[in-house]
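Below you'll find the structure, written out as structure tokens, and then a few comments.
The values are calculated or read from the model by the stated rules, or taken from the named source; none is laboratory data. Predicted model, so just to flag it, every value in this text is computed and none were measured. Cβ placement follows ideal geometry from the backbone for every residue including glycine, while neighbour counts extend to all protein chains displayed. Note: accessible area is taken over every heavy atom of the protein model, side chains too, but ligands, DNA and RNA are not part of it. Shrake-Rupley method; radii C 1.70, N 1.55, O 1.52, S 1.80 Å.
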Amino acid sequence: MALLPILRFPDPRLRTVAKPVEHVDDALRALIDDMFQTMYDEPGIGLAATQVDQHIRLIVMDVSDDKSNKKVLINPEIVASSGVQNCKEGCLSVPTVFAEVKRAETVTVRALDRDGQTYEFTCSGLEAVCVQHEMDHLDGKVFVDYLTPLKREMAMKKLAKLAKAEG
């Protein structure tokens with residue numbers, strides 16, 4: 001397994017719309033393992049392939065405290081949603097920036113697992129937020145797109161300052 005570099009906003013590659021996964025094979029499973037290692041190392045609770053410059057419809061996520069609830073979502077789609085919640089979100093591609101985003105409270109997701117088998121699950125709360133946030137990445141959206149122009153500009157300044165400090 002290897003740690004993968006995470007694209008940072010405003011990298012234009014984060015705006016790429018991901019293509020469906022055609023084949024589930026050992027190469028894809030190796031990418032899945034690398035994505036989990038990268039996500040846990042950051043630490044995060046979700047990571048879309050787009051964020052590691054792989055523009056395929058793939059998400060890994062685990063909202064548990066003890067790394068016991070790993071989920072692999074290949075070609076995910078939300079088949080039902082209900083309710084509304086506001087949640088303070090962050091993003092591995094937008095470090096140090098957090099903001100309230102309005103999301104569905106409950107979602108039902110259909111996807112393929114790491115073996116290419118179709119499954120469905122319904123989730124709510126943080127897990128539902130995570131699914132929606134990561135699916136946005138697959139569609140070329142970043143959570144700062146939900147912010148007001150002023151808040152987005154403040155986030156950009158914060159990121160520029162962070163990049164300068166790291167650079």
Checklist entry - Where residues in segment 115-142 are in contact (Cβ under 8 Å) with a residue 60 or more places away in the chain and small (G, A, S), which of them is farthest from V24 (Cα to Cα)? => result G140
Checklist outcome for this item: When restricted to V84, V72, the only residue aliphatic (A, V, I, L, M), at pLDDT 95 or above and within 23 Å of P20 (Cα to Cα) is V72
Next on the checklist: For segment 116-135, give me each residue that is small (G, A, S), surrounded by 14 or more Cβ atoms within 10 Å (Cβ to Cβ) and in a helix (DSSP H, G or I).
Outcome noted: A128
Next on the checklist: For the structure I just gave you, tell me whether V142 is open to solvent by less than 40 Å² (accessible area, probe 1.4 Å) and touching a Ser or Thr at 6+ places or on another chain (Cβ under 8 Å).
Outcome noted: yes
Checklist entry - Could we say that E77 is under 26 Å from A30 (Cα atoms), of a type outside the set (A, V, I, L, M, F, W, C) and touching a residue at least 40 places away in the same chain (Cβ under 8 Å) here? => result no
